[in-house]
Amino acid sequence: MKARATCPLDCPDACSLLLTLEEGRLSRVEGDPRHPVTQGFACAKTYRYPERVRERLLYPMRRVGKKGEGRFERISWEEALEEIAEKLKAILDTHGGRPSSPTTMRAPWALWKTSIPWPSSGP
C-alpha cells in the first residue's frame, strides 16, 4: 500500500514523501516527484525512517535507563503532561521566555505546507 505524508523534520523544504506500507509497517520512503519545491528529492534522514521507526507510539513513555539504552516504561497522559509542564516551567524560571529553538518557525512552515494545492487522489 502507498501513502503520502509530509516529513516531520522542520526543514524549509517541507518535503512530501511517498510511503510504502507492508502489512501495516513502513517499509520504504521516497520523495514525492509532485512536490513543487523538492520534485522527488528527500534527504538521507527520511530514507532511513524504516530502519529507525519500528512501531508507532500509542501512549506516553518515560525513559528508565541511560539515554541510548532503549529502556522505557509506560506512563499515563496526566503524568506525561505534568512532567512536561514542570520541565518547561523550570526552563522559563531559569532562562526566561525568550525562544531559543527553531520551532518558532513551525507555524509559518505549517501554513506554507497547507497552502500547496495537492491532488486529492492516491499516490
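Observations, loosely collected:
- Test: residue in region 112-122 that is in a loop (DSSP other than H, G, I, E, B) and modelled with pLDDT of 85 or more: no
- With respect to the conditions (1) within 29 Å of GLY97 (Cα to Cα); (2) of a type in the set (Ser, Thr, Tyr); (3) in contact with a strand residue (DSSP E or B) (Cβ under 6 Å, 6 or more places away or on another chain), SER76 lacks only one, and its number is (3).
- Filtering region 39-71 to residues that are open to solvent by less than 100 Å² (accessible area, probe 1.4 Å) and not in a loop (DSSP other than H, G, I, E, B) leaves ALA44, THR46, TYR49, PRO50, MET61, ARG62.
- Restricting region 72-111 to residues that are among the polar types (S, T, N, Q) and modelled with pLDDT under 85 leaves a set whose member that is most open to solvent (accessible area, probe 1.4 Å) is SER100.
- In region 1-13, the residues that are without any contact (Cβ under 8 Å) to a residue 60 or more places away in the chain, open to solvent by 30 Å² or more (accessible area, probe 1.4 Å) and in contact with a Ser or Thr (Cβ under 7 Å, 6 or more places away or on another chain): ASP13
- Of all residues in region 14-38 being open to solvent by 70 Å² or more (accessible area, probe 1.4 Å) and touching a residue at least 40 places away in the same chain (Cβ under 8 Å), the one that is nearest to LYS87 (Cα to Cα): PRO36
- Subset of region 14-30 (residues that are over 11 Å from ALA3 (Cβ atoms), of a type in the set (S, T, N, Q) and over 14 Å from the mean Cα position of the chain (by Cα)): SER27
The values are calculated or read from the model by the stated rules, or taken from the named source; none is laboratory data. Being a predicted model, the structure only gives us computed values, none of them experimental. Using ideal geometry, Cβ is built from the backbone for each residue, glycine included, and neighbour counts are taken over all protein chains shown. Remember, those area values only see protein heavy atoms, side chains included, never the ligands or the DNA or RNA. Shrake-Rupley method; radii C 1.70, N 1.55, O 1.52, S 1.80 Å.
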